[in-house]
Amino acid sequence: MELFLERLISGLTNGSIYALLALALVVVFRGTGTLNFAQGELALFTTFVAWWLTTEGVGIWVAIAASLALGFVIGAAVERFLIRPVQRRNDMAVLIVALGLFTGFNSLAGLLWGSETKVMPSPFPNGLDDYVSVGGARLYFDALGVWGALLLLMLLMTLLFRFTRLGLHMRAVADNATSATLAGVRTSRILAIGWGLSGAIGALAGVLVTPLAPQQLSLTTMFTIFIAASAAALFGGLDSLGGAVVGGLVIGVLEAMLTGYVSFIGGSLQQTSALLVIVAILFVKPNGLFGTKKLVRV
């Protein structure tokens, strides 16, 4: 039981990180119908900025706040100056721009800070003795911090979408941008804010996951996390915030259990095996667990 709990805690922690980045993907998809392939590398770039600020003597929490603000600004600027002009001409061009940003953010981070692995400080206590015992298993404080960040973010997102005018406008644009525009909603402003929120959420995922990652902060840190987050968003439904959270947690726990109890899989195949299971489920429910079915009238 102790071993099972340790694997469950590890899976939930990894799953929370996947869920955070999946939420960022869903926020963009709801507004534009596009999967932002640059999301992971944008998170990586803002995490490098947070790390650099800590090396200049800035406190970790101030560095994280600056990283989130930068993520918002970059996300909004990308939508305004890159995505919006090409989307008006060709929806497929958005995919090309996102792929270009993927390589661009990664290359820029390497140009500015080099390819050497960096040590990102954790905003939470993360020593060997910083844990609480749960049924004999160790639950470290940095894992608790990640869980708390996910719960807080979900609470804030729920309050935003259900009880604020901005959230109402964002839901209207996600449902039907043309009708929202005719009703007086400034669609362009709402889309920029959505991309900005996505960039900030991705930045939060980056600064939280990096201290937990075995390789710490490197140019490849976010790639596998982005793959898992994309699968989580697809599994839960690309237009469902709750589905992104459920999908992330399911993938995280599934990976941990497959690695721990299926001996021939091991660590190298854990993500592939988990994704194969998700693909099999999507054959049964293509829109994801909580995705909205699209009705087309002819």
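Below are the figures for this structure:
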item: Segment 132-146: number of residues that are assigned to a helix (DSSP H, G or I) and surrounded by fewer than 18 Cβ atoms within 10 Å (Cβ to Cβ); result: 2
item: Residue check for V296: modelled with pLDDT of 80 or more and within 21 Å of R30 (Cα to Cα); result: no
item: Unmet criterion (only one of (1) of a type outside the set (G, A, S); (2) surrounded by fewer than 16 Cβ atoms within 10 Å (Cβ to Cβ); (3) within 24 Å of N14 (Cα to Cα)) for L111; result: (3)
item: Candidates L42, L53, L68, filtered to the one that is part of a helix (DSSP H, G or I), in contact with a Phe, Trp or Tyr (Cβ under 7 Å, 6 or more places away or on another chain) and surrounded by 15 or more Cβ atoms within 10 Å (Cβ to Cβ); result: L42
item: Residue under evaluation F105, criteria (1) open to solvent by 80 Å² or more (accessible area, probe 1.4 Å); (2) assigned to a helix (DSSP H, G or I); (3) of a type in the set (A, V, I, L, M, F, W, C), criterion not met; result: (1)
item: Those residues of segment 125-170 which are closer than 30 Å to V28 by Cα and small (G, A, S), in sequence order; result: A143, G145, G148, A149, G167
item: Pair list, Cβ < 9 Å and 6+ apart or interchain, from segment 119-133 residues that are under 16 Å from W51 (Cβ atoms) to residues that are aromatic (F, W, Y) and open to solvent by 80 Å² or more (accessible area, probe 1.4 Å); result: P123/W61
item: Criterion (of a type in the set (A, V, I, L, M, F, W, C) and in contact with a helix residue (DSSP H, G or I) (Cβ under 7 Å, 6 or more places away or on another chain)) met by exactly one of F141, F102; result: F102
item: Number of the condition not met by T178 [criteria: (1) in contact (Cβ under 8 Å) with a residue 40 or more places away in the chain; (2) surrounded by fewer than 15 Cβ atoms within 10 Å (Cβ to Cβ)]; result: (1)
item: Residue tally, condition modelled with pLDDT of 85 or more and over 13 Å from R7 (Cα atoms), over segment 120-139; result: 9
item: Scan of segment 185-220 for residues that are under 28 Å from G127 (Cβ atoms), more than 17 Å from the chain's Cα centre (by Cα) and free of Cβ contacts under 8 Å to residues at least 12 places away in the same chain, ordered by number; result: P214
item: Some residue of segment 12-29 being part of a helix (DSSP H, G or I), at pLDDT 90 or above and open to solvent by 40 Å² or more (accessible area, probe 1.4 Å); result: yes
item: Residue ID - most open to solvent (accessible area, probe 1.4 Å), chosen from residues in segment 187-229 that are out of contact with any helix residue (DSSP H, G or I) (no Cβ under 8 Å at 6 or more places or on another chain) and modelled with pLDDT of 90 or more; result: R189
item: Every pair of residues 6+ apart whose Cβ atoms lie under 8 Å, when the first sits in segment 221-250 and is in a loop (DSSP other than H, G, I, E, B) while the second is open to solvent by 10 Å² or more (accessible area, probe 1.4 Å) and of a type in the set (G, A, S); result: T221/A213; G237/G291; L238/G291; D239/A174; D239/G291; S240/G291
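The values are calculated or read from the model by the stated rules, or taken from the named source; none is laboratory data. Model, not experiment: these values are computed from the prediction. Cβ coordinates were reconstructed from backbone atoms using ideal geometry, including for glycine residues, and neighbour counts include every protein chain displayed. SASA here: full protein model, heavy atoms, side chains in, ligands and nucleic acids out. Shrake-Rupley method; radii C 1.70, N 1.55, O 1.52, S 1.80 Å.
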